1. Taking residue 267 as meeting all but one of (1) assigned to a loop (DSSP other than H, G, I, E, B); (2) touching a residue at least 24 places away in the same chain (Cβ under 8 Å); (3) surrounded by 15 or more Cβ atoms within 10 Å (Cβ to Cβ), write down the number of the exception.
2. Identify, from the list 427, 419, 392, the residue that is under 28 Å from the mean Cα position of the chain (by Cα) and surrounded by 15 or more Cβ atoms within 10 Å (Cβ to Cβ).
3. Take the stretch 127-163 and flag every residue that is surrounded by fewer than 18 Cβ atoms within 10 Å (Cβ to Cβ), modelled with pLDDT under 80 and in contact with a strand residue (DSSP E or B) (Cβ under 8 Å, 6 or more places away or on another chain).
4. When the stretch 303-328 is examined, which residues are found to be in a strand (DSSP E or B) and under 12 Å from residue 359 (Cα atoms)?
5. In this structure, is residue 469 exposed (fewer than 14 other Cβ atoms within 10 Å of the Cβ), under 20 Å from residue 407 (Cβ atoms), assigned by TED's automatic domain parsing to the domain that holds residue 394 and without any contact (Cβ under 8 Å) to a residue 24 or more places away in the chain?
6. Out of the stretch 101-126, which residues are surrounded by fewer than 16 Cβ atoms within 10 Å (Cβ to Cβ) and touching a helix residue (DSSP H, G or I) at 6+ places or on another chain (Cβ under 8 Å)?
7. Mind counting the residues in the stretch 479-506 that are touching a strand residue (DSSP E or B) at 6+ places or on another chain (Cβ under 8 Å), under 17 Å from residue 395 (Cβ atoms) and either assigned to a loop (DSSP other than H, G, I, E, B) or free of Cβ contacts under 8 Å to residues at least 40 places away in the same chain (or both)?
8. Just one of the numbered conditions (1) within 24 Å of residue 362 (Cα to Cα); (2) modelled with pLDDT of 85 or more; (3) touching a strand residue (DSSP E or B) at 6+ places or on another chain (Cβ under 7 Å) is not true of residue 285; which one?
């Protein structure tokens with residue numbers, strides 16, 4: 001009895017917790033009062049059962065990990081086995097280090113000096129062509145000549161006044177009248193143009209009128225009859241004295257007059273140019289104009305250049321001149337002080353120097369543009385043209401074999417129908433060149449795909465064409481889209497050095513600046529997908 005009471009007491013002290021599942025033996029009566037849990041009793045919460053979820057997540061994580069692992073392995077294999085492709089981009093520029101050569105200008109020229117001191121009176125303009133015997137300049141004593149010229153002027157004025165007072169008594173009256181009429185006609189014909197503001201013929205009119213007046217006055221001044229005879233005799237005597245006091249310097253040979261002298265004319269001529277040292281070709285002499293108002297005895301006053309043929313002598317590195325021969329045509333590119341490049345066509349006149357020397361002594365002969373360099377002795381030039389254009393590495397330019405096929409056989413999608421036994425196979429091709437006039441296109445040969453001897457079919461007509469003709473050409477592989485596309489290049493006017501070639505952009509319109517090109521094509525076939 002006592003044990004039963006103790007057991008019931010324990011049940012009252014530990015009533016069922018609210019929300020806890022009650023077993024069959026603990027089923028409460030509806031009348032039983034449920035007591036609130038004691039604040040000192042620790043409340044126990046229900047925990048979610050995650051064992052089922054974990055069993056589902058493990059395969060998902062394993063699958064994701066497997067995908068990542070396979071991607072890493074695949075990328076590693078692809079990276080390790082990918083083709084060794086090197087890229088570069090087309091730039092616009094020029095060859096970085098052009099070979100500028102210094103040389104010396106040689107002409108067939110003769111210097112004329114004055115034997116006496118005095119004032120210089122030039123009769124011929126600079127660069128003017130003269131005949132043999134032409135007086136180029138006069139040297140006169142200032143005091144003596146001025147007095148004689150003043151006396152001669154007075155005599156001339158006296159003659160003209162006397163002729164005017166004589167009226168029509170001169171034997172040259174009719175000639176003078178005709179000259180006056182011609183002068184009047186010249187002026188009247190020009191008045192209309194001048195009235196409309198056209199003064200382009202002003203200087204020509206002045207020169208013509210002055211020439212007519214000089215001819216007319218010369219007739220009057222030379223008449224030696226009648227009351228002017230004494231004055232005319234005195235005039236001739238005065239002119240003789242004046243002529244003796246003036247030194248006239250005339251050209252011994254015909255040629256071009258130049259007043260630019262550098263003092264090196266005797267050192268550089270047709271004879272001495274046969275053997276010049278390299279130091280002699282590096283001359284820095286500068287010609288200066290010799291226009292002077294007065295000169296001392298023995299002073300050079302001008303020179304006559306006897307021929308339009310002239311020469312440039314220089315030492316050229318063997319890297320450029322090794323294959324040159326006498327008689328070869330060579331274009332020299334001469335750079336002026338203003339930076340502009342002038343082309344000069346020349347012929348190789350002489351090649352000298354030891355065979356094992358690093359440089360050859362070369363003389364170039366030119367027959368044009370002599371007056372453009374008439375004041376120069378030293379000159380700078382290049383034997384290769386400095387061209388600005390598409391600059392590409394030399395290794396990017398390769399030779400390719402192109403197949404010639406009718407343009408009509410290429411579909412709009414860029415494919416051709418290759419006859420493969422009893423079947424037709426579509427092969428994608430790249431049209432590299434096109435002959436519009438004859439209706440042919442050129443496509444790169446593709447080993448295993450399309451080659452010489454293959455037969456292709458026109459999808460429209462069913463006609464067949466056997467590929468037989470080929471063309472070898474230079475080009476580059478453009479890979480802008482990741483596909484290796486062969487593009488032909490035109491090497492005309494191109495300039496190269498050891499590392500790069502500059503292409504004339506006007507002749508290469510299918511490529512552009514910043515195109516990506518391959519610089520190593522050994523392991524790449526046409527139409528390959530190139531990894532980037």
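The values are calculated or read from the model by the stated rules, or taken from the named source; none is laboratory data. For clarity, every value in this text was computed on a predicted model and none was experimentally measured. Here the Cβ positions follow ideal geometry from the backbone for every residue, glycine too, while neighbour counts run over all protein chains shown.
1. Of (1) assigned to a loop (DSSP other than H, G, I, E, B); (2) touching a residue at least 24 places away in the same chain (Cβ under 8 Å); (3) surrounded by 15 or more Cβ atoms within 10 Å (Cβ to Cβ), only one is false for residue 267: (2).
2. 392
3. Of everything in the stretch 127-163, those that are surrounded by fewer than 18 Cβ atoms within 10 Å (Cβ to Cβ), modelled with pLDDT under 80 and in contact with a strand residue (DSSP E or B) (Cβ under 8 Å, 6 or more places away or on another chain) turn out to be 141, 142.
4. The answer is 314, 315, 316, 317.
5. No, not satisfied.
6. Answer for the stretch 101-126, where residues must be surrounded by fewer than 16 Cβ atoms within 10 Å (Cβ to Cβ) and touching a helix residue (DSSP H, G or I) at 6+ places or on another chain (Cβ under 8 Å): just 102.
7. Adding up the residues that qualify gives 6.
8. Of everything listed in (1) within 24 Å of residue 362 (Cα to Cα); (2) modelled with pLDDT of 85 or more; (3) touching a strand residue (DSSP E or B) at 6+ places or on another chain (Cβ under 7 Å), residue 285 misses just condition (2).
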